[in-house]
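Structure first, then comments.
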Amino acid sequence: DVKVTQSSRYLVKRTGEKVFLECVQDMDHENMFWYRQDPGLGLRLIYFSYDVKMKEKGDIPEGYSVSREKKERFSLILESASTNQTSMYLCASSFLSEQYFGPGTRLTVT
Amino acid sequence: GDSVTQMEGPVTLSEEAFLTINCTYTATGYPSLFWYVQYPGEGLQLLLKATKADDKGSNKGFEATYRKETTSFHLEKGSVQVSDSAVYFCALTRGGGGADGLTFGKGTHLIIQP
């Protein structure tokens, strides 16, 4: 079974802090993705990556950056957390078009 | 751009009722279509998929048929169970190929009462 793990299930940070969300997949997938999930808005794509050191902006990249130094690991970075970044963050990796999701990190920014 | 529209709910049904969750899409090219399910406190799991027109995806008693003429991918199940209570997301591949991620609908919260 494909396994996608995220470093934290719940995280509470203060406004202005730099926040790192980590994601690791164990299936040697080329493509990895970060989404945020908000009630009434569904999932929206933040960033994705085709390969190590490659990154592409999704629909809502503002306020976020990413890092992919190793194939299995894809990190989402909030440079200066704000309250409007309180959300559920979901990481995924994919084989062809089929995506496999991690359990999510619920981030609260106070 | 590409988009997915689905009924938002909540949809409340009694056990053993027939389920339909509507999904329509707007896309360029020939996207693959998916239904994902999210159980409380968990990430998304792939429920079923269809990669071309007239394909039927099926899994766990759920079915959906890729209808290009009506740009639809409605989810159906003949007899729902309490354990089917979850949020269901319809999605399509961005840019047609899938390597660019998925575009999701807003999700439909399904509640099954005993």
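The values are calculated or read from the model by the stated rules, or taken from the named source; none is laboratory data. Computed from a predicted model, the values in this text were never measured in an experiment. Counting neighbours? That spans all protein chains shown, and the Cβs are built from the backbone with ideal geometry, glycine included.
Things worth noting here:
- Among residues of segment B:55-94, those that are surrounded by fewer than 20 Cβ atoms within 10 Å (Cβ to Cβ), outside any strand (DSSP E or B) and either within 14 Å of chain A (Cβ to nearest Cβ) or free of Cβ contacts under 8 Å to residues at least 60 places away in the same chain (or both), counted: 10
- Segment B:30-54, subset assigned to a loop (DSSP other than H, G, I, E, B) and either at pLDDT 95 or above or touching a Ser or Thr at 6+ places or on another chain (Cβ under 9 Å) (or both), residue farthest from B:SER72 (Cα to Cα): B:PRO40
- Meets criteria (under 18 Å from B:ARG94 (Cβ atoms), surrounded by 13 or more Cβ atoms within 10 Å (Cβ to Cβ), within 14 Å of chain B (Cβ to nearest Cβ) and polar (S, T, N, Q)) for A:SER8: no
A quick yes/no check of all residues on (1) surrounded by 14 or more Cβ atoms within 10 Å (Cβ to Cβ); (2) at pLDDT below 95; (3) under 13 Å from A:VAL4 (Cα atoms):
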residue	(1), (2), (3)
A:GLU56	yes, yes, no
A:PRO61	yes, no, no
A:PHE74	yes, no, yes
A:THR86	yes, no, no
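- Selection of strands (runs of 3 or more DSSP E) fully inside segment A:22-110 by the criterion of at least 1 residues being within 14 Å of chain B (Cβ to nearest Cβ) and of a type in the set (A, V, I, L, M, F, W, C) returns A:31-38, A:42-49, A:64-70, A:73-78, A:87-95, A:98-101.
Results for (1) of a type in the set (A, V, I, L, M, F, W, C); (2) free of Cβ contacts under 8 Å to residues at least 60 places away in the same chain; (3) under 17 Å from A:THR105 (Cα atoms), shown as yes or no for each residue.
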residue: A:GLU22; (1), (2), (3): no, yes, yes
residue: A:HIS29; (1), (2), (3): no, no, no
residue: A:TRP34; (1), (2), (3): yes, yes, yes
residue: A:GLY40; (1), (2), (3): no, yes, no
residue: A:ARG44; (1), (2), (3): no, yes, yes
